[in-house]
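Below: one structure, written as structure tokens.
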Amino acid sequence: MNFMSNINLIYYLIAGATFGALALKTGIPAAPLAGALIGASILSISGKIEPATWPIGTRTLLEIGIGTVIGTSLTKNSLVELQTLWKPAILITFTLVLTGLAIGLWTSRLLKVDIITTILGAAPGGISGMSLVGSEYGVGPAVATLHAVRLITVLLILPLIVKMLNLFGIIKS
């Protein structure tokens, strides 16, 4: 990795950290994640700075860190809850996989986009996991783009919908 790659990576980290910190003020769930994603994306899309090159193993370490953060939220209580939630978990997973597959196939045919891109882009996985799978098929950046749009949209819209449903007494949080 050369000096300019290191500088570019620092610029991306600054953009992600700045937008992540600003997003904290919004109160949306996963605000730092959404903000960092938006900040780094804006910088990347601007074309003013070459794409960042991560040092070998860094991405893997970050994914391990994210997995660890998520894993620590699973407790003994999670196993107790699984006794009542295993049926919805199976139904939701099965439905999301089938729906993602159907939407991916339909989108590919309707919009004449690569079928692997649309299937992986519509899959109910996270951006990093599905991007890695997409990389195996040579469509990682396209899959990452689809998931980034989905993730940002979901993080911005669903909390508003939940607040509105709560406001109208449809749900209680």
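The values are calculated or read from the model by the stated rules, or taken from the named source; none is laboratory data. This is a predicted model, so every value here is computed, not measured. Heads up, the Cβs are rebuilt from the backbone with ideal geometry, glycines too, and the neighbour counts pull from every protein chain shown.
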Quick test for you: out of S128, S78, S108, S135, pick the one residue that is surrounded by 13 or more Cβ atoms within 10 Å (Cβ to Cβ), over 22 Å from A34 (Cβ atoms) and at pLDDT below 90.
S135
Within the stretch 69-86, restricting to residues that are among the β-branched types (V, I, T) and assigned to a helix (DSSP H, G or I), the one that is nearest to M130 (Cα to Cα) is I70
What residue, of L146, L155, is in contact with a helix residue (DSSP H, G or I) (Cβ under 6 Å, 6 or more places away or on another chain) and either touching a residue at least 40 places away in the same chain (Cβ under 8 Å) or assigned by TED's automatic domain parsing to the domain that holds L33 (or both)?
L155
Just the residues that are in a loop (DSSP other than H, G, I, E, B) and at negative phi, please, taken from the stretch 28-68.
I28, P29, K48, I49, E50, P51, A52, T53, W54, P55, I56
If a residue has to be β-branched (V, I, T) and either closer than 14 Å to G125 by Cβ or in contact (Cβ under 8 Å) with a residue 40 or more places away in the chain (or both) to count, how many in the stretch 64-86 make the cut?
2
Quick one: what pairs do we get from the stretch 87-111, first residue under 17 Å from A142 (Cβ atoms), second modelled with pLDDT of 95 or more and of a type in the set (S, T, N, Q), C-beta under 7 Å, 6+ apart or different chains?
G104/T118; T107/T118; S108/T118
Exactly one of L91, L120 is part of a helix (DSSP H, G or I) and touching a helix residue (DSSP H, G or I) at 6+ places or on another chain (Cβ under 7 Å), and that one is L120
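Residues being surrounded by 12 or more Cβ atoms within 10 Å (Cβ to Cβ), farther than 24 Å from L61 by Cβ and either touching a Lys or Arg at 6+ places or on another chain (Cβ under 7 Å) or not charged (D, E, K, R) (or both): count how many of those fall in the stretch 140-154.
Kept after step one, since they are surrounded by 12 or more Cβ atoms within 10 Å (Cβ to Cβ), are these residues of the stretch 140-154: 140-152, 154.
From what's left, farther than 24 Å from L61 by Cβ: 142, 146, 149-150, 152, 154.
Now drop any that are not either touching a Lys or Arg at 6+ places or on another chain (Cβ under 7 Å) or not charged (D, E, K, R) (or both), which leaves 142, 146, 149, 152, 154.
Result for the stretch 140-154: 5.
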Residue in the stretch 24-60 that is surrounded by the most Cβ atoms within 10 Å (Cβ to Cβ), counting only those that are more than 25 Å from A142 (Cβ to Cβ) and over 16 Å from the mean Cα position of the chain (by Cα):
T26
